[in-house]
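No lab work stands behind these numbers, since they all come straight from the coordinates. It should be emphasised that the depicted structure is a prediction, and the values quoted were computed from it without experimental measurement. No Cβ is skipped: glycine too gets one built from the backbone with ideal geometry, and neighbour counts run over all protein chains shown.
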Amino acid sequence: MLFGIHWDTSTSWTFAVSIFPILLRGLIVTIEATIVGFLVAAVLGLILAALKGARSRLVSWPARVVTEFLRDTPLLIQLFFLYYVLPEYGLVLPAFLTGALALGVQYSAYMSEVYRAGLESVARGQTEAAHALDLSALRTFCIIILPQAIPRIIPALGNYLVSIMKDVPVLSVVSVLEMLNVAKIIGDRTFDYMIPLSMVGGLYMILTLVASAGVRYLDTHLPKQGLPLR
């Protein structure tokens with residue numbers, strides 16, 4: 001029994017139908033963790049990319065060190081650090097938020113390189129023209145460089161969105177009831193792992209296909225010359 005529900009495993013279809021609402025709860029957690037993790041990675045990755053592109057080595061060098069550290073250490077270690085070490089210093093976060101932050105921090109390092117490539121693809125003359133118009137560096141970055149860079153890196157960002165989604169099951173080690181963890185609990189209680197795990201695999205495939213379709217749509221419809229600013 002899980003969430004107050006008893007399952008009859010005598011019939012495969014009956015069993016599948018009975019556990020589907022429970023898996024949907026895990027699916028919602030998976031989607032929420034993916035969205036939060038991706039947003040954290042997108043924002044933090046952009047900040048790291050901007051810092052690494054700074055002219056001052058006092059700014060760019062620490063950002064590069066942080067990026068390499070995040071890329072070279074496993075997600076599981078970063079997750080355990082946030083979940084078990086931070087409380088020792090008085091910072092206690094819910095398991096879900098800790099897991100989503102761990103995903104975001106890990107992937108921010110990879111996404112920072114994607115941002116960097118996109119930013120460097122914008123012609124240098126754009127920056128020089130902005131300076132000639134006496135625009136500040138921040139204004140130049142936000143309204144000229146970044147809107148031109150984003151459409152060029154949509155496919156790469158989409159790949160990391162899918163990767164984050166497929167890494168969400170790692171959060172089960174800190175007791176986050178995402179989809180795979182729910183399927184494992186069902187298997188432990190019913191001694192039938194094939195049906196819940198197969199259903200989770202199918203749901204992940206659907207999520208991946210939907211996310212990939214969304215990325216392709218954005219890549220096709222966003223103007224390559226840059227995002228329009230109002």
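Points to keep in mind about this one:
- Search result, residues across segment 131-156 that are out of contact with any helix residue (DSSP H, G or I) (no Cβ under 8 Å at 6 or more places or on another chain) and more than 19 Å from VAL114 (Cβ to Cβ): ALA132, LEU133, ASP134, SER136, ALA137, LEU138, ILE143
- Qualifying helices (runs of 4 or more DSSP H) (wholly inside segment 38-153; at least 1 residues being among the small types (Gly, Ala, Ser) and surrounded by fewer than 20 Cβ atoms within 10 Å (Cβ to Cβ)): 57-72, 95-121, 124-132, 137-140
- Odd one out for MET179 among (1) more than 15 Å from ILE22 (Cα to Cα); (2) within 19 Å of the chain's Cα centre (by Cα); (3) not polar (S, T, N, Q): (1)
- Among the residues of segment 16-37, the ones that are more than 24 Å from the chain's Cα centre (by Cα) and either surrounded by 20 or more Cβ atoms within 10 Å (Cβ to Cβ) or at positive phi (or both) come to 1 in all.
- Candidates in segment 183-218 are the residues that are not in a helix (DSSP H, G or I) and not hydroxyl-bearing (Ser, Thr, Tyr); of these, the one that is surrounded by the fewest Cβ atoms within 10 Å (Cβ to Cβ) is PHE191.
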